[in-house]
Amino acid sequence: MDRIKEFLNESADLKREVANTLAPQILEAINHVRHSFENGGKLLLMGNGGSAADAQHLAAEFIGRYKLERSPIPAIALTVDSSILTCVGNDYSFDDVFARQVKGLARKEDTVIAISTSGNSGNVIKAVEAAKEIGAVTIGFLGKGGGKLKDLVDVPIIVPSADTARIQEVHITIGHILCEILDQEF
């Protein structure tokens, strides 16, 4: 019982810390995504492992609905097409699986969200570099100090933790905040 309470309190404490320190970055991210949607752009999301699941989860909230009935909002998780992932991974390299998609799909009106608990995922870094070449806005949902991505993305949101599970919990909370606010506006 004590371990359960400890895990829940760690998660709650980290979310309180994020509320007190990262709200301006979260608002900046929301404003960029809003601007993309208002200007005919879309949201592209990516990550590996649990972060891939978070990318898919958030894209589904925009295409489907979060809470309110509304028209679909354009969002794509770059993690879901197994044919693209295996083709690019085989013919090029795993480090290129997201960058190739960004080069083929992203436009300057778009926003790209890179989700990486370490901030050092090679395939996410290459995708952010590709997005920046196109002129798309880049946002990082990061942890563990932000890694290499903190200096590459336009808006780094660095969860102040080294615990992957706690970082992922905060990333999905931030994603839900993004959905909640934009759901009401669109």
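The values are calculated or read from the model by the stated rules, or taken from the named source; none is laboratory data. Source: prediction; values computed, not measured. A quick note on method: Cβ atoms are made from the backbone with ideal geometry, for glycine too, and the neighbour counts reach across all protein chains shown. To get the accessible areas, we keep the full protein, side chains included, count just its heavy atoms, and leave off ligands, DNA and RNA. Shrake-Rupley method; radii C 1.70, N 1.55, O 1.52, S 1.80 Å.
For the set E129, E61, the ranking by accessible area, highest first and with no ligand, DNA or RNA atoms included, is E129, E61 under a 1.4 Å probe.
Candidate cross-link partners of K108 among the aspartates and glutamates, defined by an alpha-carbon separation under 12 Å and a same-chain spacing of 8 or more, comprise E133.
Given a Förster radius of 22 Å and the C-beta distance between A60 and D81 as r, what FRET efficiency does 1/(1 + (r/R0)^6) yield to the nearest 0.05?
Working: r = 15 Å, r/R0 = 0.66.
Approximately 0.90, to the nearest 0.05.
For D13, the accessible area of its heavy atoms, probed at 1.4 Å with every protein chain present, is near 80 square angstrom.
Accessible surface for the chain, divided over its residues, is 48 Å² per residue with a 1.4 Å probe.
Of all stretches in the chain that contain no trypsin sites (Lys or Arg not before Pro) in a DSSP loop with at most 15 other Cβ atoms within 10 Å, the longest one is 109-186. When the chain is treated as a Gaussian network with alpha carbon springs shorter than 10 Å, the biggest mean-square fluctuation among H171, H32, H57 belongs to H57. For the chain, carbon and sulfur atoms together expose 53% of the accessible surface, with a 1.4 angstrom probe and every protein chain in place.
Which residues does a label at L27 reach in segment 147-163, if reach means a backbone N under 13 Å from a point 7 Å past the Cα toward the Cβ? Backbone N within reach: none found.
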